[in-house]
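Worksheet: one structure, shown below.
The values are calculated or read from the model by the stated rules, or taken from the named source; none is laboratory data. Keep in mind the model is a prediction, meaning the values are calculated, not measured. Glycine also receives a Cβ, built like all others from the backbone with ideal geometry; neighbour counts cover every protein chain displayed.
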Amino acid sequence: MTTHLVGGISSAGRALPRLGGKQFVARRSEGAYVWDDAQRRYIDTALGFGATVVGHAHPVVVEAVSAALRNGPMPAFAHDGEEEAAALLTSATRHLSRAIFTNTGSEAVHLACRLARAATGRSHIAKMAAGYDGWYDDVTLGQAGSSEADMLANARPTRDRTTLLRFNDLEDVDQLFAENNDIAAVILEPMLANAGCIPAAPGYLAHVEATARRHGALVILDEVLMGFRTSFGLAANGMGVQGDLATAGKAIGSGIAVAAVVGRPEIMALAEEGVVTRAGTYSGNPVATAAVAATFQLLKDLDYGALLARGERLREGIRSAFAKHGLTVTTSGEGSVFTIWFAETPPSNYAEALGRANGAMTLKLHETLRRRELLIMPFAFGRLYVSDAHTDAIVNDMIGIFEDAAREMTM
Ligand SMILES: Cc1ncc(COP(=O)(O)O)c(C=O)c1O
């Protein structure tokens, strides 16, 4: 029983429910697997909450990080790994060609918002209701599950320097800018991942960007979750959205704490010139940049198509496992990151996601799978991730486990 650590874990969103009276305690992780303190091996789909695309503890990353550690983790002054990592990162972010490293995605979002305010001289950040852009004050308004996220009737919750817009609602974008001429930037995700992988409707993100431009506002692509997960680059770029600033994290460090802001040179110059404060004892430290450099060596050769295909096969396997037992299940998202719904069709907006969310069934599925040594997130908007370490054979195992779970759940 934990008595010192609040809630038994340092981030509330990562807590797992007790099962059979026992708390899940991870002992180690490697490839597609996590082991608990009783040495039970689980196939993992949380993957560090998306922190790795190449699998847990990839040897290439572990070796590079270990070497950086042995070499001294904290020289503090500029070091040669930083420019190398920035060059690798920006080689894949097109016109967002300059980078600043931070330690977490939340920090990166915070800095991107600050840059946008300085660049425009405006104060509001518009974020998607039910979107998750980290846990700093500017962007916590309207988290999924909050009353603000519902945006009922004509309400537009606004607090301090944050205002909300309705994801996938084209008219709402026009209305937002008609109501408010103090918007520095719209921050958007390629899909509303933390509200259950709700895909952007065709043309929606491009419409947001065009409208923002017309009104002199910037676009921040929050790619902390999606960047480098589904392709070697920013997912929004693949959807025809360019952005002025972007945040990346998770996948770029393979489990080591590192994130980044990339942006148009003239905006990033504000940080260089000291107009915008950027700081951080640990920002861009050698361990973090070694993780980025090693990860990019792996990602540039990663067969994203094969990864996508394995994820799609898993999604179809899950659907048909439940269908065999008369239970309708569907999924939303993209191959290597998706959400399971106990519903006929996936949601296309947050209101539908709320209507389809079935917390009790998701929890039951979590418990049933966990007893069979497969880990999924225990809440309705949770995501399943597939990594390069999830081989065809492991995906087959997963489908088999889902079939057993479906049988048990429908008995
Ligand atoms: C889209 C998005 N933005 C920002 C963050 C915050 O990143 P971090 O948890 O590294 O602070 C997350 C984390 O899940 C995220 O998914």
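Search segment 35-56 for residues that are without any contact (Cβ under 8 Å) to a residue 24 or more places away in the chain and pair each with any residue that is among the aliphatic types (A, V, I, L, M) and more than 16 Å from the ligand (Cβ to nearest atom) when their beta-carbon atoms are under 9 Å apart and the residues are at least 6 apart or on different chains.
Qualifying pairs under 9 Å: W35/A26; D36/V25; D36/A26; D37/V25; D37/A26; A38/V25.
Within segment 1-29, count every residue that is loosely packed, with under 10 Cβ neighbours inside 10 Å and of a type in the set (F, W, Y).
Final tally of qualifying residues: 0.
Give segment 187-203 a look and list any residue that's touching a residue at least 40 places away in the same chain (Cβ under 8 Å), among the hydrophobic types (A, V, I, L, M, F, W, C) and surrounded by fewer than 24 Cβ atoms within 10 Å (Cβ to Cβ), or say none. It would help to see each step written out before you state the result.
Filtering segment 187-203 for residues touching a residue at least 40 places away in the same chain (Cβ under 8 Å) gives 187-199, 201.
Next, from what is left, pick out any that are among the hydrophobic types (A, V, I, L, M, F, W, C): 187-188, 191-193, 195, 197-198, 201.
Answer for segment 187-203, where residues must be touching a residue at least 40 places away in the same chain (Cβ under 8 Å), among the hydrophobic types (A, V, I, L, M, F, W, C) and surrounded by fewer than 24 Cβ atoms within 10 Å (Cβ to Cβ): just A201.
So in segment 7-30, with the set limited to residues that are touching a residue at least 60 places away in the same chain (Cβ under 8 Å) and among the aliphatic types (A, V, I, L, M), which one is farthest from I43 (Cα to Cα)?
So the residue we want is L19.
Taking V62 as the residue in question, decide whether it is away from the ligand (no atom under 16 Å from the Cβ) and in a helix (DSSP H, G or I).
Yes: the conditions hold for V62.
Among the numbered criteria (1) under 24 Å from G227 (Cα atoms); (2) away from the ligand (no atom under 16 Å from the Cβ); (3) surrounded by fewer than 20 Cβ atoms within 10 Å (Cβ to Cβ), which one does F49 miss?
(2)
Taking into account only those residues within segment 218-241 that are in contact with a Ser or Thr (Cβ under 9 Å, 6 or more places away or on another chain) and under 18 Å from P202 (Cα atoms), which is nearest to the ligand (Cβ to nearest atom)? Can you show your working first?
Initially, segment 218-241 is screened for residues in contact with a Ser or Thr (Cβ under 9 Å, 6 or more places away or on another chain), giving 218, 220-224, 227-230, 233-234, 237-238.
So of that shortlist, the ones also under 18 Å from P202 (Cα atoms) come out as 221, 230, 234, 237-238.
Numbers: L221: 10, T230: 13, L234: 12, N237: 16, G238: 16 Å.
Applying the filter and picking the extreme gives L221.
Scan segment 95-112 residue by residue and report those that are within 18 Å of R213 (Cβ to Cβ) and within 15 Å of the ligand (Cβ to nearest atom).
A112
Does G284 satisfy the condition of being modelled with pLDDT of 95 or more, in a loop (DSSP other than H, G, I, E, B) and within 16 Å of the ligand (Cβ to nearest atom)?
Yes, satisfied.
Taking A15 and the conditions (1) out of contact with any Pro (no Cβ under 9 Å at 6 or more places or on another chain); (2) within 16 Å of the ligand (Cβ to nearest atom), which numbered condition does it fall short on, given that it satisfies the others?
Evaluating A15 over (1) out of contact with any Pro (no Cβ under 9 Å at 6 or more places or on another chain); (2) within 16 Å of the ligand (Cβ to nearest atom) leaves (1) as the failure.
Could you look through segment 130-179, keep only residues that are assigned to a helix (DSSP H, G or I) and within 16 Å of the ligand (Cβ to nearest atom), and pick out the one that is farthest from L245 (Cα to Cα)?
A149
Here is a yes/no grid of residues against (1) of a type in the set (A, V, I, L, M, F, W, C); (2) at positive phi; (3) in the same structural domain as L225 (by TED's automatic domain parsing); (4) touching a residue at least 40 places away in the same chain (Cβ under 8 Å):
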position	(1), (2), (3), (4)
G311	no, no, no, yes
L327	yes, no, no, yes
S336	no, no, no, yes
F342	yes, no, no, no
A360	yes, no, no, no
A380	yes, no, no, yes
L384	yes, no, no, yes
T391	no, no, no, yes
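If you check T277 against the conditions, is it over 22 Å from S387 (Cβ atoms), assigned by TED's automatic domain parsing to the domain that holds A85 and either out of contact with any helix residue (DSSP H, G or I) (no Cβ under 6 Å at 6 or more places or on another chain) or buried (at least 21 other Cβ atoms within 10 Å of the Cβ) (or both)?
When the stated conditions are applied, T277 passes them.
Can you tell me how many residues within segment 328-345 are of a type in the set (F, W, Y) and assigned to a strand (DSSP E or B)?
Of the residues in that region, 2 qualify.
With A257, A210 as the choices, which residue is surrounded by fewer than 22 Cβ atoms within 10 Å (Cβ to Cβ), assigned by TED's automatic domain parsing to the domain that holds T120 and within 13 Å of the ligand (Cβ to nearest atom)?
A257 is the lone residue from the list that is surrounded by fewer than 22 Cβ atoms within 10 Å (Cβ to Cβ), assigned by TED's automatic domain parsing to the domain that holds T120 and within 13 Å of the ligand (Cβ to nearest atom).
Counting just the residues of segment 113-129 that are assigned to a strand (DSSP E or B) and within 16 Å of the ligand (Cβ to nearest atom), which one comes out surrounded by the most Cβ atoms within 10 Å (Cβ to Cβ)?
K127
Between L354, L307, L270, L302, which is of a type in the set (A, V, I, L, M, F, W, C) and outside any helix (DSSP H, G or I)?
When all the criteria are applied, what remains is L302.
Considering every residue within segment 300-308, establish whether at least one is under 30 Å from A76 (Cα atoms) and touching a Gly at 6+ places or on another chain (Cβ under 8 Å).
For segment 300-308, residues under 30 Å from A76 (Cα atoms) and touching a Gly at 6+ places or on another chain (Cβ under 8 Å): absent.
What number of residues in segment 312-367 are crowded, with 18+ Cβ neighbours inside 10 Å and touching an Asp or Glu at 6+ places or on another chain (Cβ under 6 Å)?
2
Would you point out the residue of segment 124-148, among those that are touching a strand residue (DSSP E or B) at 6+ places or on another chain (Cβ under 6 Å) and of a type outside the set (A, V, I, L, M, F, W, C), that is nearest to T277 (Cα to Cα)?
Within segment 124-148, the match that is nearest to T277 (Cα to Cα) is D138.
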